[in-house]
Amino acid sequence: MRRAAALYRSSVGKKILMAITGFIWFGFLIGHMAGNLKAFQGAEIFDEYAHHLRVFGEPILPEKGFLWAFRAFMLAAFVIHALLAWQTSSRSWSARGTKYRSKENLNFSFASALMRWGGVLILVFVAFHILHMTTGDVHPSFAEGAAYANLVAGLRNPVVASFYIVAMLAVCLHLYHGVWSMFQTLGAHHRKYSAYRRPFAVVMALVVFIGFISIPVSILAGIVAP
Amino acid sequence: MQLDAKVPAGPIARKWEKHRFDMKLVNPANKRKYEVIVVGTGLAGAAAAATMGELGYRVKVFTYHDSARRAHSIAAQGGINAAKNYQGDGDSVFRLFYDTVKGGDFRSREANVYRLAELSVNIIDQAVAQGVPFAREYGGLLANRSFGGAQVSRTFYARGQTGQQLLLGCYQALQRQVALGTVELHNRHEVLDIVVVDGVAKGIVTRDLVSGEVESHAGHAVMLATGGYSNVYFLSTNAKACNVTATWRAAKRGAGFANPSFTQIHPTSIPPAGAYQSKLTLMSESLRNDGRIWVPQRAGDSRPANDIPEEERDYYLERFYPSFGNLSPRDISSRRAKEMVDKGHGVGPMQNGVYLDFKHAIERLGQPVIAERYGNLFEMYEKITGEDPYAVPMRIYPAPHYTMGGLWVDYNLMSNIPGLFVLGEANFSDHGANRLGASALMQGVADGYFIAPMTVGNYLADVPREPVTTDHAAFGDTEREVRGRADRLLAVNGTKTVDDFHIELGKVMWENCGMERSETGLKEALATIPEIRERFWSQVRVPGSGDTLNQSLEKAGRVADFLEFAEIMCWDALRRDESCGAHYRTEHTTEDGEAKRDDDGFSFVSVWEFKGVGEEPVLHKEPLEFENVQLSTRSYK
Amino acid sequence: MNLTLHVWRQDGPEVRGRFETYQADDISEHASFLEMLDLVNERLTRDGEEPIAFEHDCREGICGTCGMMINGVPHGPSSMTATCQLHMRLFKDGDHIWIEPWRASAFPLIRDLVVDRGSLDRIINAGGYISVRTGSAQDANAVPIRKQDADLSMDAASCIGCGACVAVCPNASAMLFTAAKVSHLGLLPQGQPERYTRVVDMIAQHDEEGFGSCTNHGACQEACPKGISVDFIARLNRDLLVGSWKAAGD
Ligand SMILES: Cc1cc2nc3c(=O)[nH]c(=O)nc-3n(C[C@H](O)[C@H](O)[C@H](O)COP(=O)(O)OP(=O)(O)OC[C@H]3O[C@@H](n4cnc5c(N)ncnc54)[C@H](O)[C@@H]3O)c2cc1C
Ligand code: HEM
Ligand code: HEM
Ligand code: SF4
Ligand code: F3S
Ligand code: FES
């Protein structure tokens, strides 16, 4: 804890914490995506998996015990990440001060420029997404436990589906820069292997992107049907 | 004017050691009671300020730069000499001493030079400990290269940025003391006068370059490390701001100015490209290790270099000086280059250069090796000229580069004004009439780290410990003079710019007091300079006001001083009726065109006493004895 | 060639600044960018106007004094080049050139194109050195250093402290400058004892000075006249991680 505090005190430390929390979410996304893909294997397997998530760790843990612990953990990571993003960003904005009249941005990277607003979009998405898929508050026909049905019904609506897809674009870009940036921030730098950091980030970003949108796309296309 | 060199007795090899023992020490508790003023944050100034602070004195250091790290030392490229004999090629303290005295054409003080050679060894240790990343061999040990005028490899280097790395070492040591509170750094402050009370240096008057404020600062001792004045020629390899102001103002307050005319012309700089040329860029002399210098045999031959066949090229240095060839000392190489150009063999669009060719070296060692050794210099050259030196030979020409002259100092680096110490290029240095490559850094660092901190301590030991103040009338008077001077410059409001006059002066000096001097030329210059000065004070335009950042005003003040100082240079060159080292009087040459010394008549240091602007200064002499090096005519054949 | 300059003029920190337009006529392609400005200033002076204030000294790309935004690029269009080494052959007749000072809250403007970069010195004060008493050093060859390390250290050490990295960074972060010094010293055996305290203290000062927080944007590396690599930033981050770890540990 004292060490985390020590990090939290410096701008670089904040970034390191962002990298760690970002990485946690990155890990979650991979798992989450893999889980989602089970939708292609049909309702039983998908619901079975969704159910498994809830009873995970029983009987040692009460029902949903693991799930809540996990949710708490993910929420913490998210809040820390977002909070630090806000802190570092506002520090940078005030540091920049006056803008340049003519700015020809050297090595302009769309992705790195969009980290902040893309991030905010992710925030909005996640909020909506949980109300949508987990609590069902914004879901047309939500039924506790019927994960598969909820998924399909939820993404039938083209507007909702396209919002998902746009959000995934944000996630994709966020990771494209984020994963590479993460290596840099955590000082994972090596004479020989550094060259592979970029490609790795690209692959990861694409895998996550394609993996995720495959669901709403194929639901719209009727490939994944009730 | 009293000139006592205070050289300790005893055999030369033991003088410094003995002197160190004989010098008085200030007890640690009392050091804090002494305030020392250091002017300059180059190698000499930064090293001195850092060390004095470390020793416990209260130090105030001044620079007109925005940061201590900008000092002109940063530009030194080639390297720094030290008698480490890591190469086992027969180097030794005595050989470095010998080479330096000989290279200086027997116009330097033996005892100082020997001490310098002795200390050179500690410099490298100090620098490496500070983290200066000198070039290394694959074994992990330090690498060396050979440098002009020496037959051993004793030059340590950090790529082509040796001065930068050494200065950063000093700068970091200095900033550390600043952080510790022992040193107070005043950047963007230009020292415009020295305050002398009853013949003793008591402080300085500065101008805050941002607010324009004129302030006094008092100290128990004042150390000037303000660098060289090659910019008197307008075009030189020095940084644009280099100037003579601090040392000249000290001279006007009674400090003797020694050998002012001894200026070194560097053989390898890039020739001017046009009238707008603002400064000359040096191509490190180390290039001469692998480059071969030549001109077309036929005068006026305007063919591209690569179209001129071997047999029609004249590798004149190799022809004249078989044993040293392209590594012949600077003054010789420079003069020969000028000779070739004057005879019409000049190359390049303006026919104002000679070739420095790497073709053979690249064939012999391969491009990678050359790139490894000189990569950044080649890049620099290409940026400036747009030509690729790997493909076509470089064009080079001599340029004013270093000033051996400076304020006279005794063995303790103290001028004839008690309490006024002078370090680095600003003093009349240990280089006699000509400086060997890679020995100025050596001198700056040695003065700053190892000599001045001890000798100043020895001086302070006898100075009463009362706190210093700026109450004395002399401070007020000096401040008033400084303000008045600025106001006068701003008031002229004429039609010409400061540079107009600087360029005009530069031409006069280059033609009459440059690489070659003659009685007629010098007398002519002595007639012209006062006339230029007149016009300067009646026709110059200095826009803006005195109470803001005003770069025109800064320049004007410096040029005004050059306009006074130039005269003393010419007097010195005129009165020294012999040739020696860089001082080449056309009346005194050997049959094969070498400098011809007159040891019976001129084996002394010329020390000039200021008598008033436009007045003929008075010459004092410090005789030079040579007990350890045989007086001989330099021969690099 | 003939050029039109749009130069930022500001008489002092408090007063408002503005762009002024100047003609720079028949400029030789062999002239340097600063020589071009010299010519403009000479003319302004003759016309009784105040010349443009800009900083420069060595004009060899080594002292780090010069520096201005030229058409939105620090030190102008040619890479690995300081403003003073920029030559006019890179411009075309009739070009419009926008010239602005370095902009960053940690670089307060003094006048026209002159800014105060003292914040970089203060980062060095915080630990950018090796503590060694004068005269106390052991023989220079006592500790051999792998050539690769010495060379890499030299790469980092070649930073000239110009501030272009800050000027271009979207976050106005001085991370490249700081990383260069941390790496220069941290790569050498002599720099080991203070290695971790150094980085923690220097970053603390970096933040104190009001520089922004790096998001690995990478523009600094492009802008750097010495081509200092962002790999050094990774190195700094790692050292800081270890550093805060140790610091908090004891
Ligand atoms: C291009 C070039 C290359 C060189 N290469 C080599 C080399 O390879 N090897 C070598 O040994 N030597 C070399 N030299 C020579 C060497 O660099 C200098 O002689 C040496 O660095 C001088 O150091 P210094 O500390 O005496 O003065 P400088 O480094 O010039 O420092 C002068 C300091 O004084 C300050 N100052 C001056 N006047 C005032 C004032 N009035 N008020 C306030 N502050 C003032 C300046 O701000 C500056 O901080 C080279 C020189 C040049 C020009
Ligand atoms: C098209 C893309 C996505 C689809 C189809 C999708 C689908 C789902 C589904 C069906 C659930 C409910 C699982 C259950 O309750 O059993 C869920 C939960 C969740 N999803 Fe997604 N998701 C997508 C993208 C994302 C993204 C990009 C994120 C994060 C940035 C994310 C974060 C979450 C979270 C935090 C939960 C709640 C887990 C829990 O606590 O129960 N999802 N998602
Ligand atoms: C509230 C939502 C979010 C916001 C506002 C946000 C914002 C940011 C910002 C500003 C950065 C710094 C940019 C950089 O340093 O390169 C960043 C980095 C990162 N983000 Fe996010 N982000 C959010 C959500 C996420 C999510 C859900 C993930 C996981 C998929 C994620 C993964 C990362 C990663 C891996 C980094 C790299 C960290 C680093 O730079 O070292 N972020 N984020
Ligand atoms: S890192 Fe590069 S850009 Fe930044 S200060 Fe150093 S040299 Fe200038
Ligand atoms: S541009 Fe700025 S964001 Fe970091 S990588 Fe360079 S400092
Ligand atoms: S003026 Fe020295 S780097 Fe440009």
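Of all residues in region B:394-450, exactly one satisfies the criterion of being within 13 Å of ligand 1 (Cβ to nearest atom), within 14 Å of chain C (Cβ to nearest Cβ) and over 15 Å from the mean Cα position of the chain (by Cα), namely B:Tyr449. For first residues located in region C:206-223 and more than 8 Å from ligand 5 (Cβ to nearest atom), partners that are open to solvent by 20 Å² or more (accessible area, probe 1.4 Å) and among the polar types (S, T, N, Q) and lie 6+ apart or on another chain with Cβ distances below 6 Å form the pairs C:Gly210/C:Ser105; C:Glu222/A:Asn107.
A single entry from A:Phe142, A:Phe70, A:Phe125 fulfils the requirement of being more than 9 Å from chain C (Cβ to nearest Cβ), of a type outside the set (A, V, I, L, M) and touching a residue at least 40 places away in the same chain (Cβ under 8 Å): A:Phe125.
Only one of the listed residues (C:Gly67, C:Gly61, C:Gly94) is more than 10 Å from every other protein chain (Cβ to nearest Cβ), surrounded by 24 or more Cβ atoms within 10 Å (Cβ to Cβ), in contact (Cβ under 8 Å) with a residue 60 or more places away in the chain and part of a loop (DSSP other than H, G, I, E, B). That residue is C:Gly67.
Given the condition part of a loop (DSSP other than H, G, I, E, B), at positive phi and away from ligand 6 (no atom under 16 Å from the Cβ), answer yes or no: does some residue in region C:23-41 qualify? For region C:23-41, residues part of a loop (DSSP other than H, G, I, E, B), at positive phi and away from ligand 6 (no atom under 16 Å from the Cβ): present.
Check region C:177-197 and report whether any residue there is among the aliphatic types (A, V, I, L, M), more than 19 Å from the chain's Cα centre (by Cα) and not in a helix (DSSP H, G or I). Checked against the condition, which is being among the aliphatic types (A, V, I, L, M), more than 19 Å from the chain's Cα centre (by Cα) and not in a helix (DSSP H, G or I), region C:177-197 yields at least one hit. In the set A:Ala6, A:Ala69, A:Ala43, A:Ala76, only one residue is surrounded by 15 or more Cβ atoms within 10 Å (Cβ to Cβ) and over 21 Å from A:Pro216 (Cα atoms); that residue is A:Ala6. In region A:151-194, how many residues are within 11 Å of chain C (Cβ to nearest Cβ), without any contact (Cβ under 8 Å) to a residue 60 or more places away in the chain and part of a helix (DSSP H, G or I)? Residues meeting the conditions: 4. For first residues located in region A:211-223 and within 14 Å of chain C (Cβ to nearest Cβ) and part of a helix (DSSP H, G or I), partners that are within 16 Å of ligand 3 (Cβ to nearest atom) and open to solvent by 30 Å² or more (accessible area, probe 1.4 Å) and lie 6+ apart or on another chain with Cβ distances below 8 Å do not occur. Among the candidates B:Arg70, B:Arg107, B:Arg32, B:Arg58, the residue that is more than 30 Å from B:Leu168 (Cα to Cα) and either open to solvent by less than 40 Å² (accessible area, probe 1.4 Å) or more than 14 Å from chain C (Cβ to nearest Cβ) (or both) is uniquely B:Arg107. Taking the conditions (1) within 27 Å of the chain's Cα centre (by Cα); (2) buried (at least 24 other Cβ atoms within 10 Å of the Cβ); (3) at negative phi in turn, B:Glu379 satisfies each one other than (2). Note on region C:131-167: among residues that are of a type in the set (Ser, Thr, Tyr) and more than 16 Å from ligand 4 (Cβ to nearest atom), the one that is nearest to C:Ser105 (Cα to Cα) is C:Ser131.
Among the residues of region B:398-428, write down those that are open to solvent by 10 Å² or more (accessible area, probe 1.4 Å) and within 14 Å of B:Arg115 (Cβ to Cβ). B:Asn412 - this is the single residue of region B:398-428 that is open to solvent by 10 Å² or more (accessible area, probe 1.4 Å) and within 14 Å of B:Arg115 (Cβ to Cβ).
Yes or no, residue by residue, for (1) among the basic types (Lys, Arg); (2) surrounded by 15 or more Cβ atoms within 10 Å (Cβ to Cβ); (3) within 16 Å of ligand 5 (Cβ to nearest atom):
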site	(1), (2), (3)
A:Ser181	no, yes, yes
A:Gly187	no, yes, yes
A:Phe200	no, no, no
A:Val203	no, no, no
A:Val208	no, yes, no
A:Val217	no, yes, no
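I'm trying to understand the selection: among the residues of region B:451-473, which are within 14 Å of another protein chain (Cβ to nearest Cβ) and surrounded by fewer than 24 Cβ atoms within 10 Å (Cβ to Cβ)? Those that are within 14 Å of another protein chain (Cβ to nearest Cβ) and surrounded by fewer than 24 Cβ atoms within 10 Å (Cβ to Cβ): B:Met454, B:Gly457. The set of residues from region A:176-200 being among the small types (Gly, Ala, Ser), out of contact with any Leu (no Cβ under 7 Å at 6 or more places or on another chain) and farther than 17 Å from A:Phe125 by Cβ comprises A:Ser181, A:Ala188, A:Ser194, A:Ala195.
Exactly one residue out of C:Gly191, C:Gly161, C:Gly135, C:Gly186 is open to solvent by less than 50 Å² (accessible area, probe 1.4 Å), facing chain B (nearest Cβ under 10 Å) and either on the phi > 0 side of the Ramachandran plot or modelled with pLDDT under 95 (or both), and it is C:Gly161. Taken as a whole, the structure leaves B:Ser286 outside the set of residues that are among the hydroxyl-bearing types (Ser, Thr, Tyr), touching a Pro at 6+ places or on another chain (Cβ under 7 Å), at pLDDT below 95 and in a helix (DSSP H, G or I). With respect to the conditions (1) open to solvent by less than 20 Å² (accessible area, probe 1.4 Å); (2) modelled with pLDDT of 95 or more, B:Ala582 lacks only one, and its number is (2). Is it true that some residue in region B:196-214 is open to solvent by 40 Å² or more (accessible area, probe 1.4 Å), in contact with an Asp or Glu (Cβ under 8 Å, 6 or more places away or on another chain) and not in a loop (DSSP other than H, G, I, E, B)? Within region B:196-214, not a single residue is open to solvent by 40 Å² or more (accessible area, probe 1.4 Å), in contact with an Asp or Glu (Cβ under 8 Å, 6 or more places away or on another chain) and not in a loop (DSSP other than H, G, I, E, B). Scanning region C:1-20 for residues that are of a type outside the set (Gly, Ala, Ser), closer than 19 Å to B:Pro543 by Cβ and either facing another protein chain (nearest Cβ under 8 Å) or not in a loop (DSSP other than H, G, I, E, B) (or both) turns up C:Leu5, C:Val7, C:Trp8, C:Arg9, C:Asp11, C:Arg18, C:Glu20. Taking region B:375-393 as the range and being of a type in the set (A, V, I, L, M) and either away from chain C (no Cβ under 14 Å) or within 18 Å of B:Ala305 (Cβ to Cβ) (or both) as the test, the residues that pass are B:Ile384, B:Ala391, B:Val392. Scanning region C:227-249 for residues that are surrounded by fewer than 24 Cβ atoms within 10 Å (Cβ to Cβ) and either more than 9 Å from C:Leu176 (Cβ to Cβ) or away from ligand 4 (no atom under 15 Å from the Cβ) (or both) yields a total of 13. If you go through region C:181-227 and keep only what is within 16 Å of ligand 6 (Cβ to nearest atom) and in contact with a Ser or Thr (Cβ under 8 Å, 6 or more places away or on another chain), you end up with C:Pro225, C:Lys226, C:Gly227. Kindly establish whether B:Ser92 is within 16 Å of ligand 4 (Cβ to nearest atom) and of a type in the set (Ser, Thr, Tyr). Criteria not met by B:Ser92.
The residues of region B:77-89 that are open to solvent by less than 40 Å² (accessible area, probe 1.4 Å) and modelled with pLDDT under 95, listed by number, are B:Gln77, B:Gly78, B:Gly79. Here the condition is being buried (at least 16 other Cβ atoms within 10 Å of the Cβ) and not acidic (Asp, Glu); of A:Leu83, A:Leu155, A:Leu131, it holds for A:Leu155 alone.
The values are calculated or read from the model by the stated rules, or taken from the named source; none is laboratory data. Everything numeric here is computed off the predicted structure, so don't read it as measured data. When we count neighbours, we look across all protein chains shown, and the Cβ atoms used for this are built from the backbone with ideal geometry, even at glycine. For the accessible areas, the whole protein counts, side chains as well, though only heavy atoms, and no ligand, DNA or RNA atoms are used. Shrake-Rupley method; radii C 1.70, N 1.55, O 1.52, S 1.80 Å.
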